[in-house]
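Each value in this text was obtained by applying a stated rule to the coordinates, not by laboratory testing. In this text the structure is predicted, and so the values were computed from the model without any measurement. Backbone-built Cβ (ideal geometry, glycine too); neighbour counts: all protein chains shown.
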Amino acid sequence: MAVCLSGPVCRGLPVARMPRQDSGLAKKLFIKTYGCQMNVYDSARMADVLAPIGYEPVSSVEGADMVILNTCHIREKAAEKVYSELGRIRRLKEERAAGGDRMVVAVAGCVAQAEGEEMLRRAPCVDIVLGPQTYHRLPEMVARVHRAGGGRVLDTDFPVEPKFDALPGEAAPQGATSFLTIQEGCDKFCTFCVVPYTRGAEFSRPAEQILEEARRQVAAGAREITLLGQNVNAYHGVAPGGGEWGLGRLIRALAEIEGLSRIRYTTSHPNDVDEELIAAHRDADALMPYLHLPVQSGSDRVLSAMNRRHRGDDYRRIVERLREARPDLALSSDFIVGFPGETDRDFEETMRLVRDVGYAQAYSFKYSPRPGTPAALQPNQVPEEVKAERLAELQNLLAEQQRRFNEGTVGATMPVLLERHGRLPGQLVGRSPYMQSVHVTADDDLLGTIVPVTVVRATPNGLAGRVSGAAPASAQAGLREGSAV
Ligand code: SAH
Ligand code: SF4
Ligand code: F3S
């Protein structure tokens, strides 16, 4: 799909948005991040914990003193990429060693967690293998590698000390849009998914810790915060005065932070959408009218085999209630085609659900059997060519819906948060409230601000617009109601 900031995609991005210039003194740290936004957040935090011991992020692997691959295990292809990247890194490490320099290579994230010792065995160039729950201990691990005769380190525990308490309070600024992890892990055990094994049990951060981090991010320039969790709406953190807050309540508290104009959250599970969250979509202006709510399949039979614990109609009902609360809500989803035993009829049910709901954008994948998950052991695997056909058919429909949604916004004036430079000179790129990327010609000093933009045309990758003088009345100004459908 065209617009691709959220969702479980391979994003080979270095952590630093603005890598510092080489000061000649600092050690150079290159981080390559794969997978979901939680990995993007984790990469930024790894850079934070390594800063006090002299590491500065750089945007190129050449000449790096330390390389971290922050990996994703969600599908086979994602995991394979890590080993091919390690081949390239091994050659660079050897070249450096020949010149008398050392390059420390660490593999973090979900492949590291899943493979552990196997990774040390398969990839001799790797010095450190660490899981998503132990990166606050990175400075110790690096020290161990550097010690005389320093060995290799494996740290994939689920430690008793909560990681978030041990992370440094001061985090490097992430820019006008930033990520904030509020919840980790998953107890749902969908039969296709590795996350409960790689990230461990569900855990919610205390609300006060989240509010503090949000205030710091806003003070550092964030105008938009995306709250992250593998199951973000299962959030149930300790409330500031005792008791417990759900996600809806937390969003209301965050919405009161001065200077925080936009709040988003991802990824949610349909079964954890409660009344308070629906009310937040109705009442909290800062909560953007866009929701990534994965359904995976439209077939009740497949949903049950996936252990999703809801039917297609339950999902339709949840969407209906959310749209009653926020009529212009734009929806996104994840879909898996070719789950074991999926028939043509099951697939038709998915197509029917997509037509019924109407998506502004979506991600869709061929089922990929993952070692250790129950679905991988099922005998009735769907042939590759059938998966490919279904995926193409589904993606055609989703692309058509995305095109219609984007075209429905032409002529509207919307507030756009300008986030970065575009490819053309003088071009800036930002996001509409509905997560569409919007290209405008504008002065650099508008970067990091929210400006009214009149949409001039829909392009294959988003929208082209013109910064307009008058401020729009609301996020949905000029939009036709229900234009997502
Ligand atoms: N917690 C989220 C999803 C996290 S994984 C949820 O419950 O929806 C991100 C997406 O990757 C999933 O929504 C699913 O569509 C896809 N995915 C996960 N495991 C997969 C597998 N084995 N094969 C193909 N796609 C998979
Ligand atoms: Fe994976 Fe299901 Fe948990 Fe989502 S809810 S992370 S798909 S097990
Ligand atoms: Fe991938 Fe782990 Fe995220 S498997 S999608 S990096 S939680």
Taking the range 299-456 as the region of interest, what is the percent of Cα-Cα pairs per 5 angstrom bin, listed from the shortest bin to the one with the maximum distance? 2, 8, 15, 16, 15, 12, 10, 9, 8, 5, 1, 0
So what are the three principal axis dimensions of the range 99-191 from its Cα atoms, in whole Å, longest to shortest? 42, 38, 26
Length-normalised contact order of the chain, Cα under 8 Å, at least 6 apart, in percent, tallies to 10 percent
Just add up the charged neighbours of Y135: K/R +1, D/E -1, any other residue whose Cβ is under 14 Å from the Cβ of Y135. -4
Within the range 344-364, the residues whose backbone N lies under 12 Å from a label point placed 7 Å from the Cα of E393 along the Cα-to-Cβ direction are 344-352
Local electrostatic count, P369, Cβ distance below 15 Å [Lys/Arg +1, Asp/Glu -1]: +1
Provide the per-residue ³J(HN,Hα) series for the range 299-304, in order, calculated from phi with Karplus coefficients 6.51, -1.76, 1.60 and θ = phi - 60°, each as a whole number of Hz, with x at glycine and proline positions. 8, 4, 5, 5, 4, 5
Distance histogram for the range 413-478 (every C-alpha pair counted, 10 angstrom bins, percent rounded to whole numbers): 25, 61, 14, 0
Within 10 Å, count the other beta carbons around each residue, average over each peptide in 39-50, 193-204, and list them highest first. 39-50, 193-204
What is the Cα convex hull volume of the range 316-407 when expressed per residue in Å³? 103 Å³
Given the -39500 (n - 2.57) contribution per DSSP H run of 4+ residues, what per-residue ellipticity at 222 nm results for the chain, rounded to the nearest 500 deg cm²/dmol? -9500 deg cm²/dmol
Take each of the peptides 281-291, 360-370, average the number of other beta-carbon atoms within 10 Å over its residues, and list them starting from the highest. 360-370, 281-291
List the relative contact order of the range 413-478 as a percent without decimals, with contacts defined as Cα pairs under 8 Å and 6+ residues apart. 35 percent
Note, the range 223-233: 3J(HN,Hα) by Karplus (6.51, -1.76, 1.60, θ = phi - 60°), whole Hz, Gly/Pro = x, goes 9, 10, 10, 9, 7, 10, x, 4, 9, 4, 8
The size of the Cβ-based charge dipole (Lys, Arg +1; Asp, Glu -1) of the range 413-478 about the Cα centre, to the nearest 20 debye, is 240 debye
When the Karplus curve 6.51 cos²θ - 1.76 cosθ + 1.60 is applied with θ = phi - 60°, which whole-Hz ³J(HN,Hα) does each residue of the range 414-419 get, with x for Gly and Pro? 10, x, 10, 8, 7, 9
Could you grab the relative contact order for the range 289-377? Cα pairs under 8 Å, six or more apart, rounded to a whole percent. 36 percent
Taking Cα atoms of the chain, Rg/Rh with Kirkwood Rh, to two decimals? 0.96
